Structures are given as structure tokens and as C-alpha cells.
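A.B. asks: Take this structure first; my questions come after.
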Amino acid sequence: MEAMTYDSADDAAPETVARAPDEDAPDVDVAPALFEPRVDLYTGRPAGCEIIPLSRQGDRELPTSQALLPGSIAALSEMAGKQSGFRICWRAPAALLDDAGMLAAIEKAARSAAAADCRLFVEIPESDLAANPAGWTEVLGTLRAANIGIAFADFGAGFLRATKTDGVQGLETLEAIARMPCDEIQIAQSLADRLPTDRTAATATRACIEFAHELGRTVAATWVARPLHARIVQDFGIDYGQGSYFSDRLDRNELAEWIAYRMRVFGDNPNLAPFPIRRRGRPIEG
């Protein structure tokens with residue numbers, strides 16, 4: 001297999017501006033967070049969003065990531081509930097292992113999301129899982145029992161390294177995808193940047209994606225910022241895309257407008273999808 005090549009002449013990253021809430025606006029019971037939309041790459045429709053906590057608002061320190069979760073779910077519920085299967089993604093801190101209160105808060109947030117016909121996905125970095133696989137086993141089981149989606153984030157960051165922890169090979173192996181409970185893998189940007197020119201990285205990533213699909217997992221790319229990235233996710237058959245190529249990070253009102261626009265364009269016009277409609281995880285025919 002030859003390494004992929006891509007033209008980069010028209011591949012400059014679009015200029016983006018992260019929007020922050022209006023500091024002069026009155027305080028309301030809404031999480032001080034932005035939302036990064038996610039797109040279903042086979043239909044073009046909105047498929048979810050990631051909660052992006054803000055660390056400061058003016059001179060005021062904002063709540064912890066855990067404290068932001070209930071307000072973020074509440075802010076998303078009305079608009080997201082109109083989209084069947086809307087995924088609300090939240091990156092869990094490593095402290096989740098040692099904080100039973102945080103786990104209880106996540107379970108409560110998941111119930112609120114489910115009431116709005118959404119599903120909460122907890123993103124756990126591969127490095128955290130690989131560093132303490134035994135410690136995460138019980139937490140992953142609790143999340144799965146509560147019907148919370150589990151995503152392995154930054155997957156492949158160590159794919160080409162032979163790392164071991166207590167004799168257990170790290171999550172860069174295909175076996176790990178099957179062995180540990182998860183619903184989605186998110187390909188690491190550090191690996192993605194090598195895909196156009198690095199044959200070994202490309203082959204390993206294709207194998208990882210194909211294996212994940214065979215096991216019923218979905219695959220996401222959260223780093224789609226340029227036309228080059230869009231072509232990569234198309235070539236590799238990735239299911240969901242996220243990043244500034246599709247949208248800036250938005251506040252809740254902007255997100256509602258973005259969802260409505262995306263549904264107007266792609267909701268009743270599947271032929272306008274960004275990539276050809278095809279069976280997930282299968283090559284484009286013809």
C-alpha cells in the first residue's frame with residue numbers, strides 16, 4: 001500500500017475565534033461552558049457536541065468540570081432532545097477514579113440526558129487507561145451499567161510504542177478495544193498528523209478502525225480543522241467529525257442556531273451529505 005498524498009495549497013486552517021459568554025450579562029443558572037458540535041459524516045446531520053469548560057470568566061474563577069456537568073446538560077436538553085441519539089461528550093478527569101461523588105454526579109447527569117433523548121458519553125484519555133487499567137475496570141463497569149457511553153480519547157497516541165504497565169500491554173493494541181468496555185474510540189490528533197505520509201501509522205490506524213467497526217464501536221475524529229483533515233476522515237471511514245472545519249466552539253444559543261441550520265440543509269436532503277452515503281465502516285463503492 002502506498003502512503004497517501006494530499007495537496008496542501010488550499011489547506012490553510014480557517015480563522016476561528018472562541019466565543020466567551022458576555023461578561024456583562026446577568027448571572028443565570030447555566031453552565032459557563034462552550035459547546036463544540038459534532039457531525040455525522042455519513043449524513044451531514046448534527047450528531048452531538050462536546051462540553052468545553054471555561055476556566056475563567058473575567059476575574060472570576062469558574063466551577064470545576066464536574067460542577068459544570070448538570071448545568072451543561074440542562075442547557076443542551078431542549079435543543080438536543082429534538083435530534084434522536086444526540087451525543088453529549090464530556091472528558092472525565094483522572095480524579096474520577098478516586099471520587100465516588102463525581103461518579104454519582106455523572107450518573108445523575110446521564111439520567112437527565114436520557115430524559116431528553118440524549119446520551120452522555122464520558123471520554124477517558126488512552127494514557128489514563130493505560131497507566132492504570134485495573135483501577136479503571138470497576139469505573140467502566142459502573143458507567144456501562146448506567147448506560148453511559150464510554151469513549152477512549154486520544155486513541156493511538158502511543159500506538160507505535162511498545163508500552164507496558166504491570167505486564168499488561170497498553171491500549172495501543174487492537175486487543176484492548178475488545179477487552180475493555182467502550183462504545184467509541186477517538187483517533188488521536190498526534191497520530192492523525194502522520195497519516196498522509198507515514199505508511200506504518202496509516203496501516204495501524206486503518207486496522208484499528210476496521211476492528212472497532214467489526215466490534216460495533218463507532219470511531220470519531222475530534223480534530224477536523226482543515227480540508228486535509230476532512231479528506232483523511234473520508235478516506236479512513238470515520239463515523240463522526242468534530243472541529244473548526246465544521247464549526248467554532250459555540251455558546252448554547254449559537255449551538256441551537258447551528259443545529260437548526262444543519263438540519264435544514266441535510267435533514268431532508270441526504271444527497272447533500274459531505275461524503276457519499278455508505279454503510280458505516282465499508283469502502284465507497286464505484
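A.B. asks: Got a number for residues in the range 224-257 being within 23 Å of GLU214 (Cα to Cα) and surrounded by fewer than 19 Cβ atoms within 10 Å (Cβ to Cβ)?
C.D. replies: The qualifying residues number 3.
Quick grid of which residues meet (1) at pLDDT 85 or above; (2) farther than 30 Å from MET263 by Cβ:
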residue: TRP90; (1), (2): yes, no
residue: ASP98; (1), (2): no, yes
residue: THR142; (1), (2): yes, yes
residue: ALA145; (1), (2): yes, yes
residue: GLY156; (1), (2): no, yes
residue: ALA162; (1), (2): no, yes
residue: GLN169; (1), (2): no, yes
residue: GLU172; (1), (2): no, yes
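A.B. asks: Residues that are of a type outside the set (S, T, N, Q), at least 3 per element: which helices (runs of 4 or more DSSP H) completely within the range 178-238 meet that? Write out each step before concluding.
C.D. replies: Values: elements: 189-192, 199-214, 227-236.
Answer list for the range 178-238: 199-214, 227-236.
A.B. asks: Among the residues in the range 110-124, are any modelled with pLDDT under 85 and charged (D, E, K, R)?
C.D. replies: Scanning the range 110-124, I find at least one residue that is modelled with pLDDT under 85 and charged (D, E, K, R), so the answer is yes.
A.B. asks: Quick one: would you say ASP268 is within 24 Å of LEU76 (Cα to Cα), modelled with pLDDT under 85, of a type outside the set (Val, Ile, Thr) and assigned to a loop (DSSP other than H, G, I, E, B)? Give the steps one after another, and end with the answer.
C.D. replies: Details: within 24 Å of LEU76 (Cα to Cα): yes; modelled with pLDDT under 85: yes; of a type outside the set (Val, Ile, Thr): yes; assigned to a loop (DSSP other than H, G, I, E, B): yes.
It is true that ASP268 is within 24 Å of LEU76 (Cα to Cα), modelled with pLDDT under 85, of a type outside the set (Val, Ile, Thr) and assigned to a loop (DSSP other than H, G, I, E, B).
A.B. asks: Hey, another quick one. Pick from SER77, SER84, SER65: which is closer than 24 Å to ILE259 by Cβ, of a type outside the set (A, V, I, L, M), at pLDDT below 85 and touching a helix residue (DSSP H, G or I) at 6+ places or on another chain (Cβ under 8 Å)? Please lay out each step first, then the result.
C.D. replies: Values: SER84 fails: touching a helix residue (DSSP H, G or I) at 6+ places or on another chain (Cβ under 8 Å); SER65 fails: touching a helix residue (DSSP H, G or I) at 6+ places or on another chain (Cβ under 8 Å).
When all the criteria are applied, what remains is SER77.
A.B. asks: Just to be sure I understand the filter: pairs with C-beta atoms under 9 Å, separated by 6 or more residues or on different chains, first member in the range 236-261 and free of Cβ contacts under 8 Å to residues at least 12 places away in the same chain, second member in a helix (DSSP H, G or I). Which pairs pass?
C.D. replies: ALA260/MET79
The values are calculated or read from the model by the stated rules, or taken from the named source; none is laboratory data. In this text, all values refer to a predicted model and were calculated from it rather than measured experimentally. Glycine gets a Cβ as well: all are built from the backbone with ideal geometry, and neighbour counts include every protein chain shown.
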